[in-house]
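The block underneath contains the structure these notes are about, expressed in structure tokens.
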Amino acid sequence: MSKPVILLGSGGHAKVLLNILRRCDFEIIGVTDPARTNGEHWLGCKILGDDLAVHAFSYKEVLLVNGLGSLPRDGGLRRKVFDRFTALGYQFLTVMDPSALVADQAGLAPGVQVMAGALIQLGAIIAENCIINSGAIVEHDCRIGRHVHIAPGAIMSGGVELGDDVHIGTGAILIQGIRIGNGSVIGAGSVVTQDVGEKKIVYPPRPQIQDL
């Protein structure tokens, strides 16, 4: 039987994770959020206080769920929270929505979150603390680095390799075998047909808005 969990954060991403945890019948001790009052309730869960409240529980007794989302230029807060608590011995739960399809031979590291309707195919390897968001596709033999966010509806064709701290925007498409360097951002709706180096931004063509 799985250990009880503590959810870190109470924003939009945390709401979706809370729904998954309940659907999967996890015992939820409570939620941490410095912006909320200790002891209040949020969506039926007790607010434990800020992240320091986790220290009241032994790392041997609980699992953590990283409820912080990830956006470009957000200072890497999600990564910092993950690294801080893993350095203290805490483990992060790998969360998978029941509607997601993950091949038996795919590899998911601790803290990976696979949201509703996502597809991860055979031979794909997903490193720690990644978000594979709703409806995203990670095809066969992809290699996804640490702290990556693949946003809703994005498609990674076979053999794509993403470095650490990469953000793939909503609906972006990467053709087979593409490599994206550490810290790069692929904008929503982009179609990427060549490798991208480290700390680059790829923008799609912008739509033209005209009067009728």
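Some notes on this structure:
- Residues located in the stretch 1-50, provided they are buried (at least 20 other Cβ atoms within 10 Å of the Cβ), in a helix (DSSP H, G or I) and without any contact (Cβ under 8 Å) to a residue 60 or more places away in the chain: Ala14, Leu18
- Scanning the stretch 104-115 for residues that are assigned to a strand (DSSP E or B) and either at pLDDT below 95 or under 8 Å from the mean Cα position of the chain (by Cα) (or both) yields Gln113, Val114.
- Gly67 being under 16 Å from Val148 (Cα atoms) and in contact with a helix residue (DSSP H, G or I) (Cβ under 9 Å, 6 or more places away or on another chain): yes
- The set of residues in the stretch 116-134 being crowded, with 19+ Cβ neighbours inside 10 Å and assigned to a loop (DSSP other than H, G, I, E, B) consists of Ala118, Ala124, Ala127, Glu128, Asn129, Cys130, Asn133.
- The stretch 139-162, residues that are surrounded by fewer than 22 Cβ atoms within 10 Å (Cβ to Cβ) and either under 13 Å from Ile125 (Cα atoms) or free of Cβ contacts under 8 Å to residues at least 12 places away in the same chain (or both): Glu139, His140, Asp141, Arg143, Gly145, Arg146, Gly158, Gly159, Glu161
- Number of positions in the stretch 163-191 that are crowded, with 20+ Cβ neighbours inside 10 Å, part of a loop (DSSP other than H, G, I, E, B) and more than 13 Å from the chain's Cα centre (by Cα): 5
The values are calculated or read from the model by the stated rules, or taken from the named source; none is laboratory data. Computed from a prediction, not measured in an experiment: that's the story for all the values here. Cβ atoms come from the backbone with ideal geometry, glycine included; neighbour counts cover every protein chain shown.
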